[in-house]
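Participant: Next up is a structure, given as structure tokens.
The values are calculated or read from the model by the stated rules, or taken from the named source; none is laboratory data. On a predicted model such as this, the values are computed, not experimentally measured, just so you know. For neighbour counting, all protein chains shown are included, and Cβ atoms are generated from backbone atoms with ideal geometry for every residue, glycine included.
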Amino acid sequence: MWKVTVKGLLARKLRLGLTALAIVLGVTFVTGTLVLTDTLNQTFDNLVGTAYQHINFQIRGKAAFSTNSVSGKGARKPIPESIATAVRRLPGVADADGSVEGYAQFVSGGNAIGSAPSALGFSFDPNRRLSSLRLVQGRAPSTAEDLVMDKGTATKYHFKVGDRVRVVLGRSAPKWFTISGIVTFGTADNLAGATLAGFDLPTAQDLFDTRGQYDTIDVLAKPGADNVRLQRTIARILPADVEVVSGQTVVNELSNAISNALSFLSTALLVFALISLFVGAFTIFNTFSITVGQRTRELALLRVVGASRRQVFRSVLAEAAIVGVAASLVGLGLGVLAAVALKALLGAFGVTLPPAPLVFAARTAVIAMAVGVGVTVISAIAPARRAVRIPPVAALVENHEDEGDSLRRRMTIGGAVAVGGVAALVAGLAASAIALVGVGALAMFVGAGMLAPIVAEPLAGFLGRPLAALLGIPGRLGRENSMRSPRRTAQTAAALMVGMALVSAIAVLGASLSLSAKTNVDNAVTADDIITGPNSGFSTSVAPAVSRIPGVAVVTSVYHGQFELRGALSGVDGVTTADLPRTVHLAITAGSAAPALATDELLVDTTTASADHLSVGSIVPVTFAQTGASTIRVGGIFKANPLIGSYVVGADFFRSHFHDPLPVAVLVAVHPGADHVESAINRYLNVYPNVGVQSRAQFEQSQINTVNEELGLVYVLLALAVAIALIGIVNTLMLSVFERTHEIGLLRAVGMKRRQVRAMIRSEAVIISLFGAVIGVIIGTGLGVAFAASLGQQGITEISVPFAELVGFLILSALLGLGAASWPARRAAKLDVLAAIAAD
Amino acid sequence: MNSSDHGPASPAARAVDLTKTYGKGDAAVHALDAVNVEFERGRFTAVMGPSGSGKSTLMHCMAGLDVPTSGRAFVGEEEIGLLDDAGLTGMRRDRIGFVFQSFNLVPTLTAAENITLPVDLAGAELDQEWFDYLVKQLGIADRLSHRPSEMSGGQQQRIACARALIRRPELIFADEPTGNLDSTSSAELLDFLRRSVAEHGQSIVMVTHDPRGAAYSDRVVFLADGKVVGEQDSPTAESVVAQMMTLGK
């Protein structure tokens, strides 16, 4: 039986090759994702390891809680310089150097280089024993006008020693510096793509507002020192709010933070990989169904000469397993290449990554093979069961019809699966249980796939009518062909149905997001102009300067930080309270807004208030990283708006709990009738290349653009699923052409032109694609509305169905179907008439 | 052969009131109408009848390929109707051989692989001597590595015969085995079947509508409208034609 399986496989190379392609692509995606994230993890781990390789201990301010951010900056208070002096005197300590760091972004040609979070400024420590930075050109900074620049930035933007460079800083206006030297990080040109600006210690302390203080002190132990004892000795002389940790602890903390950030990326990518494989599963199922149908006689013959049901079943599954293994191996290979491509893709979307060798873990191979082979074999189970049901007598009678499942049975089971899926989906959305949503969606699609054959004949007939009218005989025959095997049409279209459903759902979600973004801005922002910069904040000097511009009525600074409320980490916003309603609209439902904020009370949004059972007058425990635990009284409840966080406090209160925070936004209200205020602000902001001003309309548009950019990435990721669905259509058409060789030969013999044969096949393809797309768009719209409705608390307040876009998807699907038909159509047209007629 | 051990008391196969009805009510067609027939061991029995007489249906039901509406069918002492799918599979694989009109070879396998397929399916050891003997007797030794598509109809049917015989089955069912062959190939094939009865005591049941083919058999059973309507021992082509003529009336 093994021989029959293998020989059969070889005889159907092409068909199975196309099937395998679906798995190859899915496995490629899975492998690519795993290799990429492993590589990134390894890259960052190496960098972190290099950065702290020499350090035995680090002394730093205690954080009341740990934030999730990679840079722990802001969560810890600076520590006095005197600690370093004291530690240096301890026996067993070889060296102890304090350092400070902060935001410093280079400017080239009037534009800030790179992104704010990766613009690192620091005090440059020429001590090779403690620092991983190496001076490769020039000298260390020695005056307040000097800095060292990383070699990566210098090379890319053509800076050399002696050049002047402007640097944007957090606290002050941008400043000019002279490049005194070029540094590398270990042997790398920069730190994982981040730009580096190193100043001498006093300058850095001045720039980053830590005069007389350090952010951290790195300690080097003497060779042979007992590190455990030394750490205890150091700890003994530290104040209560300062701690000493081992270098390894720092490395682990950073590595974990990076892994967490990356695991989000890999999870997101794996979801799309699994979607692709799911669509691929439909394609495999369909191909195996058709080949089992075409091999009815052969399989029946095997039964006649004594093959048991189990042997037939195993034979079909073995075939699937072989295809799965081969496809997964190819996918594994391509996945490694894809990892490189994915890196480039991320780069195209603004996520720059350092160059590094690829990491190929054994776990990657195991998962990729298991998923690839598993999906193939599972998809082939239903066709294999059908193969088993073929009676031996089918070998002896002409045209044995496989009646398949009865319509009623199909409706019952398909309906039950679909309804169950929808129920699980809705329940999952209601409970925010992502896994349940996934399983529900899966079941819903499988159920829809089972039900689709029921409507295939009438719907395909309906969709094909214009083609039949337009193209005459070829169109009519194409329409008939799509109707004569409803099950095949529906199964072929099912993969595209899933793809289009997801695309449509995303479109609905995107349209709803865009509309909501606009509404949310309208509801929350009353300011005329909005000044924004890096997420980490921008110079505190902007707000006072802007407030002096003629025509400016009110300026509100907005701060953002994190605190723990009843032990749970949350974001908290701080706003200046003077004339707040002129810039920010807080729809108060209980208590008050500005008065409460002015008296150091907390405002909570309605959603959080009802979830956490908070009301005006509630006293809640809060913890700030730098100032520790205290309590706060709830002074007002406002209507939830995603643009405003769940918790709002007054700016004075905020500043008293965060060490010298930077505003993340400055909101500006203009006197009525005042002209040219925006251009005046713009002129002023020219000094700050990292800060910009937008009118409210522009701000709305930029919010919508952000949504659209994210949608763009999702569409790209879903495109693979659609491509796999198209491969399925190509495959089915090839099988149909092969099956109807005799019939096509007859048509040619009675005078059908090659062009007409092509038109016939193409018509069929367009009808199949449209069939899948119509059902997919309908399901997807429902799915999208359900998603959008369930995300009301996450900011989707409006639901919008983009009809033009959805119609566009239908047209696109028809065109894609046309494209998918081109190869099968040419093949059918090229059939030799005589040979085709002779074929049995 | 083992078949000769049982003696005439135990037929190779028999049907008892075997009935097969297609359709229901007024549209019902009785392909088999309470047929009672026995096929003796070690003999070559031909089943004859005009088109639609039910001869193929009889064979399918007796071989366990099709399920009768009522009545019973036996291969040896084994009642077909009592066997489950596994039992039927085992019987087809180990005790019955089939030769069909359309040669029914597996297109992806070579001639040799087609012949040994039942052995492979059973996971049994190939009897190489018997294989060589069959191949030599059938004159297909030089065709063993060819695929069915590379062989003539006569060659394909001889491969099918070898496949039917490779497991030394108790009984061979042949359904119009010469239906697609020219007269020379037909004669060669029938001669081979005849000899395997004479030399190895093989039991063969052959459905045919060709009187010349029937003349190779030891006994002819005539079927018409789903009923057994007569039989002849040691038939000749002429005697068969004569009896067929009476059936037509």
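Participant: Quick one: would you say B:Val37 is assigned to a strand (DSSP E or B), within 17 Å of the chain's Cα centre (by Cα) and more than 14 Å from chain A (Cβ to nearest Cβ)?
Facilitator: Yes, satisfied.
Participant: Could we say that B:Leu190 is under 20 Å from B:Arg41 (Cα atoms) and away from chain A (no Cβ under 14 Å) here?
Facilitator: So B:Leu190 fits the description; yes.
Participant: If you don't mind, there's one more thing I want to ask. Just need a number here: residues in the range B:61-105 that are under 22 Å from A:Arg389 (Cβ atoms) and either without any contact (Cβ under 8 Å) to a residue 40 or more places away in the chain or assigned to a strand (DSSP E or B) (or both).
Facilitator: Of the residues in that region, 18 qualify.
Participant: What residue, of B:Phe192, B:Phe222, is within 15 Å of B:Val37 (Cα to Cα) and of a type in the set (Phe, Trp, Tyr)?
Facilitator: Checking each option against the conditions leaves just B:Phe222.
Participant: Next up: Just checking: which of the helices (runs of 4 or more DSSP H) contained wholly in the range A:219-327 hold 2 or more residues that are in contact with a strand residue (DSSP E or B) (Cβ under 9 Å, 6 or more places away or on another chain), surrounded by fewer than 23 Cβ atoms within 10 Å (Cβ to Cβ) and assigned by TED's automatic domain parsing to the domain that holds A:Ala368?
Facilitator: By residue number, A:247-294.
Participant: For A:Val558, work out the one condition from (1) of a type in the set (A, V, I, L, M); (2) assigned to a helix (DSSP H, G or I); (3) closer than 25 Å to A:Pro663 by Cβ it doesn't fulfil.
Facilitator: Of (1) of a type in the set (A, V, I, L, M); (2) assigned to a helix (DSSP H, G or I); (3) closer than 25 Å to A:Pro663 by Cβ, only one is false for A:Val558: (2).
Participant: Based on this model, can you work out whether B:Arg143 counts as more than 12 Å from chain A (Cβ to nearest Cβ), at pLDDT 85 or above and over 28 Å from B:Arg195 (Cβ atoms)?
Facilitator: Considered against the rule, which asks whether it is more than 12 Å from chain A (Cβ to nearest Cβ), at pLDDT 85 or above and over 28 Å from B:Arg195 (Cβ atoms), B:Arg143 comes out as no.
Participant: Sticking with this structure for a sec: In the range B:100-122, what residues are under 13 Å from A:Gly306 (Cα atoms) and facing chain A (nearest Cβ under 7 Å)? Step through it out loud before you land on a result.
Facilitator: Residues of the range B:100-122 under 13 Å from A:Gly306 (Cα atoms): B:114-122.
Matches in the range B:100-122: B:Leu117, B:Pro118, B:Asp120, B:Leu121, B:Ala122.
Participant: With respect to B:Thr45, determine if the residue is polar (S, T, N, Q), surrounded by 20 or more Cβ atoms within 10 Å (Cβ to Cβ) and within 13 Å of chain A (Cβ to nearest Cβ).
Facilitator: No, not satisfied.
Participant: Of the residues A:Gly571, A:Gly567, which is out of contact with any Asp or Glu (no Cβ under 6 Å at 6 or more places or on another chain), in contact (Cβ under 8 Å) with a residue 60 or more places away in the chain and in the same structural domain as A:Ala651 (by TED's automatic domain parsing)?
Facilitator: After ruling out the rest, the residue left standing is A:Gly571.
Participant: Considering only residues that are part of a helix (DSSP H, G or I) and either farther than 30 Å from A:Leu747 by Cα or in contact with a Lys or Arg (Cβ under 8 Å, 6 or more places away or on another chain) (or both), which ones fall in the range A:818-831? Even if it seems obvious, please write down each step before you answer.
Facilitator: Keep residues of the range A:818-831 that are part of a helix (DSSP H, G or I), which gives A:818-830.
Correct list: A:Leu818, A:Ala821, A:Ser822, A:Ala825, A:Arg826, A:Ala828, A:Ala829, A:Lys830.
One line per residue, one yes/no per condition, for (1) over 30 Å from B:Ala237 (Cα atoms); (2) of a type in the set (D, E, K, R):
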{"residue": "B:Thr19", "(1), (2)": "no, no"}
{"residue": "B:Ala46", "(1), (2)": "no, no"}
{"residue": "B:Cys61", "(1), (2)": "no, no"}
{"residue": "B:Glu77", "(1), (2)": "yes, yes"}
{"residue": "B:Ile80", "(1), (2)": "yes, no"}
{"residue": "B:Asp85", "(1), (2)": "yes, yes"}
{"residue": "B:Thr108", "(1), (2)": "yes, no"}
{"residue": "B:Asn114", "(1), (2)": "yes, no"}
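Participant: Out of (1) closer than 30 Å to A:Arg310 by Cβ; (2) out of contact with any Phe, Trp or Tyr (no Cβ under 6 Å at 6 or more places or on another chain); (3) not in a strand (DSSP E or B); (4) not basic (Lys, Arg), what's the single condition that is false for B:Ser51?
Facilitator: The one condition B:Ser51 does not meet is (1).
Participant: Continuing with this model, one more query. Can you confirm whether the range B:151-170 contains a residue that is more than 14 Å from every other protein chain (Cβ to nearest Cβ), surrounded by 14 or more Cβ atoms within 10 Å (Cβ to Cβ), among the basic types (Lys, Arg) and touching a residue at least 60 places away in the same chain (Cβ under 8 Å)?
Facilitator: No, the range B:151-170 contains no residue that is more than 14 Å from every other protein chain (Cβ to nearest Cβ), surrounded by 14 or more Cβ atoms within 10 Å (Cβ to Cβ), among the basic types (Lys, Arg) and touching a residue at least 60 places away in the same chain (Cβ under 8 Å).
Participant: Out of the residues in the range B:134-147 meeting the condition of being in a helix (DSSP H, G or I) and more than 21 Å from the chain's Cα centre (by Cα), tell me which one is farthest from B:Ala164 (Cα to Cα).
Facilitator: B:Asp142
Participant: Criterion first (out of contact with any helix residue (DSSP H, G or I) (no Cβ under 7 Å at 6 or more places or on another chain), assigned to a helix (DSSP H, G or I) and closer than 25 Å to A:Val572 by Cα) does A:Ser679 satisfy it?
Facilitator: no
Participant: What's the total number of residues in the range B:67-110 that are among the charged types (D, E, K, R) and crowded, with 21+ Cβ neighbours inside 10 Å? Walk me through how you get there before you give the answer.
Facilitator: Taking the range B:67-110 as the starting set, the residues that turn out to be among the charged types (D, E, K, R) are B:72, B:77-79, B:84-85, B:92-95.
Restricting the remaining residues to those that are crowded, with 21+ Cβ neighbours inside 10 Å gives B:92-93.
So the count comes out to 2.
Participant: Next up: Scanning the range A:566-593 for residues that are over 23 Å from A:Gly537 (Cα atoms) and among the aliphatic types (A, V, I, L, M), which turns out surrounded by the fewest Cβ atoms within 10 Å (Cβ to Cβ)?
Facilitator: Checking each candidate, the answer is A:Ala568.
Participant: Next up: Go through the range A:357-400 and give me each residue that's under 24 Å from the mean Cα position of the chain (by Cα) and not aliphatic (A, V, I, L, M).
Facilitator: A:Pro357, A:Phe360, A:Arg363, A:Thr364, A:Gly372
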